[in-house]
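The values are calculated or read from the model by the stated rules, or taken from the named source; none is laboratory data. A quick note: this is a predicted structure, and the numbers were derived from the prediction, not measured. Counting neighbours? That spans all protein chains shown, and the Cβs are built from the backbone with ideal geometry, glycine included.
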Amino acid sequence: MMHRVSAYLLARLPVAVGRTLVHGNDIASASQKPADGSRQLLVDISEIITRDASSGIQRVVRGMLLQLLTESPAGYQVKPVFAERHQGYRYAPVNTACLQADDAQRASAQQAIVRPGDIFLGLDLAAHLLPRHQGQLLHWKRSGVRICVLVYDLLPLLHPHWFKPVRYKTFSKWLKTLVIYADDLLCISETVRGELCHMLASRYGLPCGVPRLHTIPLGADLEATMPSSGCTKEERNMLEHLLNREFVLMVGTVEPRKGYAEALGAFEQLWSGGEQTALVIVGKPGWKTEALQEGLRSHAERHGRLYWFEQATDELLQDLYKGAKWVLLASEAEGFGLPLVEALRHGKAVMARDIPVYREAGGENVVYFEHGLLAESMKRFLTAPPSVKPEDLVDVCLTWHESARQLSNCIVTL
């Protein structure tokens, strides 16, 4: 019956029924047939091929892909692929020196040809694209391809008030597509894995483990992610000024959940009492924070005790990590918390909001503050910062090589 069912029909059937049709015995047996020659590991880079949005997800994509290309899983050829709104997955015309391709290069790209035993790895977050190409996914499943997708977080579904309404709709379609077609979902933390397990049960009545769920912690060595480089003259002047004074660093897109407004208010209290430590924010302008963004740009302490790097490269971020007195993470929810492990990798003291995912990533190496007590916690932290030995923190977090090897072992051994 599988070969008579279309992707259009599958999208309209109850999810559990659609999944049963897609993952029937004929498909399971086909995926076990050996392919002639090396199998393909098709790695989705649909977002980053057009632009690097300078966020944590882009660092993950670059870090993982570089390691996979450098050390391919045994028996597999790693081949980046991409999709666009009106065209399905094709081989990406990119290399390890640059993951971007212009319009002409993308237009001439060749369609991905699959064989039994190949694996599709949804590495990039392309929630708006994957559901558009369910016909291709169905063809791949019929051809014996395993579908594995990285799940960074479920925040637009769990906390829709932090996002634009379209994001909830996009993520809902994306998750339904994963539930029908995916063999394995790779979560970046145990926190996300638990949230996903609960959502699969509550939304679709699926038992935990359908699809199979795994946890792949992320790397912390930013230098292994093909880091972007350079800085403007203004950024260079700001950096030179900052390196001669004490500052606290916050990293992440300026969006509602990141806690920037609360952090700024806490610093304003401390500044009014004479505190001279500066607050430095590294993160692109996000959504639903227009008033905050304007407040940052027009603040009386701008370029005095307050700095906002809106388009910082990875090279500049590295310099700021090195120069920071300590790093503050005030986010109310995360999928992992990449700046936390990057800060520890740089041997920095870290204060983070007491949320499960930060506890998971930071353990006993981080000082935690409770909601509503940031200003008090910061005052104590600034007065008596914890004793940090950088050499004790460097090995706390995984490297991207170690993270990619865990990912490879997970998808290949299955």
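Consider ALA53 carefully, then state whether it is more than 28 Å from the chain's Cα centre (by Cα), under 26 Å from VAL81 (Cα atoms) and either at pLDDT 70 or above or hydrophobic (A, V, I, L, M, F, W, C) (or both). So that I can check it myself, show each step before the final result.
Working: more than 28 Å from the chain's Cα centre (by Cα): no; under 26 Å from VAL81 (Cα atoms): yes; either at pLDDT 70 or above or hydrophobic (A, V, I, L, M, F, W, C) (or both): yes.
Criteria not met by ALA53.
Would the stretch 88-98 turn up any residue that is part of a strand (DSSP E or B), in contact with a Leu (Cβ under 8 Å, 6 or more places away or on another chain) and either in the same structural domain as ILE45 (by TED's automatic domain parsing) or modelled with pLDDT under 95 (or both)?
Here is the first cut: in the stretch 88-98, the ones part of a strand (DSSP E or B) are 88-91, 95, 98.
Imposing the further condition that a residue be in contact with a Leu (Cβ under 8 Å, 6 or more places away or on another chain) reduces the set to 89.
Applying the additional criterion that residues be either in the same structural domain as ILE45 (by TED's automatic domain parsing) or modelled with pLDDT under 95 (or both) yields 89.
Checking the stretch 88-98: at least one residue is part of a strand (DSSP E or B), in contact with a Leu (Cβ under 8 Å, 6 or more places away or on another chain) and either in the same structural domain as ILE45 (by TED's automatic domain parsing) or modelled with pLDDT under 95 (or both).
Listed here are the residues, each with its yes/no results for (1) basic (Lys, Arg); (2) over 14 Å from TYR307 (Cα atoms).
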site	(1), (2)
PRO207	no, yes
HIS214	no, yes
LYS233	yes, yes
ARG236	yes, no
LEU239	no, no
LEU243	no, no
THR253	no, yes
LYS258	yes, yes
PHE267	no, no
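Working carefully through the options SER189, SER143, find the one that is of a type in the set (S, T, N, Q) and closer than 18 Å to VAL81 by Cα. Before you say what the answer is, go through the steps one by one.
Working: SER189 fails: closer than 18 Å to VAL81 by Cα.
From the options SER189, SER143, the qualifying one is SER143.
Among the candidates SER143, SER189, SER108, SER172, single out the residue that is within 30 Å of CYS397 (Cα to Cα), touching a Pro at 6+ places or on another chain (Cβ under 9 Å) and in contact (Cβ under 8 Å) with a residue 12 or more places away in the chain. Walk me through how you get there before you give the answer.
Values: SER143 fails: within 30 Å of CYS397 (Cα to Cα); SER108 fails: within 30 Å of CYS397 (Cα to Cα); SER172 fails: within 30 Å of CYS397 (Cα to Cα).
Answer to the check: SER189.
In the same structural domain as VAL61 (by TED's automatic domain parsing), crowded, with 24+ Cβ neighbours inside 10 Å and either part of a helix (DSSP H, G or I) or free of Cβ contacts under 8 Å to residues at least 60 places away in the same chain (or both): is that true of ILE180 in this structure? So that I can check it myself, show each step before the final result.
Details: in the same structural domain as VAL61 (by TED's automatic domain parsing): yes; crowded, with 24+ Cβ neighbours inside 10 Å: yes; either part of a helix (DSSP H, G or I) or free of Cβ contacts under 8 Å to residues at least 60 places away in the same chain (or both): yes.
Yes: the conditions hold for ILE180.
From the list MET238, MET226, which one is within 23 Å of the chain's Cα centre (by Cα) and aliphatic (A, V, I, L, M)?
Result: MET226 is the single residue among MET238, MET226 that is within 23 Å of the chain's Cα centre (by Cα) and aliphatic (A, V, I, L, M).
Looking only at the stretch 330-342, decide whether some residue is among the charged types (D, E, K, R) and over 21 Å from GLY265 (Cα atoms). Give the steps one after another, and end with the answer.
Just the residues of the stretch 330-342 that are among the charged types (D, E, K, R), to begin with: 332, 334, 342.
Pick out the ones that are also over 21 Å from GLY265 (Cα atoms) and you get 334, 342.
The answer is yes; a qualifying residue exists.
For the stretch 99-128, name all the residues that are part of a loop (DSSP other than H, G, I, E, B) and either hydroxyl-bearing (Ser, Thr, Tyr) or closer than 24 Å to SER189 by Cβ (or both).
Here is the first cut: in the stretch 99-128, the residues part of a loop (DSSP other than H, G, I, E, B) are 99-102, 108-110, 112-118, 123-128.
The answer is SER108, LEU123, ASP124, LEU125, ALA126, ALA127, HIS128.
Might you check whether a residue that is under 20 Å from LYS379 (Cβ atoms) and loosely packed, with under 15 Cβ neighbours inside 10 Å occurs anywhere in the stretch 255-266? Talk me through it step by step, then tell me what you get.
Within the stretch 255-266, the subset under 20 Å from LYS379 (Cβ atoms) is 259-266.
Still in the list and also loosely packed, with under 15 Cβ neighbours inside 10 Å: 265.
The answer is yes; a qualifying residue exists.
Looking at PRO285, is it under 17 Å from SER55 (Cβ atoms) and out of contact with any strand residue (DSSP E or B) (no Cβ under 8 Å at 6 or more places or on another chain)? Walk me through it before giving the result.
On the way: under 17 Å from SER55 (Cβ atoms): yes; out of contact with any strand residue (DSSP E or B) (no Cβ under 8 Å at 6 or more places or on another chain): no.
Spelling it out, it is not the case that PRO285 is under 17 Å from SER55 (Cβ atoms) and out of contact with any strand residue (DSSP E or B) (no Cβ under 8 Å at 6 or more places or on another chain).
Exactly one condition in (1) under 25 Å from ASP221 (Cα atoms); (2) surrounded by 16 or more Cβ atoms within 10 Å (Cβ to Cβ) is false for ALA101; which is it?
Evaluating ALA101 over (1) under 25 Å from ASP221 (Cα atoms); (2) surrounded by 16 or more Cβ atoms within 10 Å (Cβ to Cβ) leaves (1) as the failure.
From the list PRO156, PRO207, PRO227, pick out the single residue that is assigned to a loop (DSSP other than H, G, I, E, B) and free of Cβ contacts under 8 Å to residues at least 60 places away in the same chain. Before the answer, list the steps.
Working: PRO156 fails: assigned to a loop (DSSP other than H, G, I, E, B); PRO227 fails: free of Cβ contacts under 8 Å to residues at least 60 places away in the same chain.
Residue meeting the stated conditions: PRO207.
Mind counting the residues in the stretch 48-87 that are crowded, with 19+ Cβ neighbours inside 10 Å and in a helix (DSSP H, G or I)?
So the count comes out to 12.
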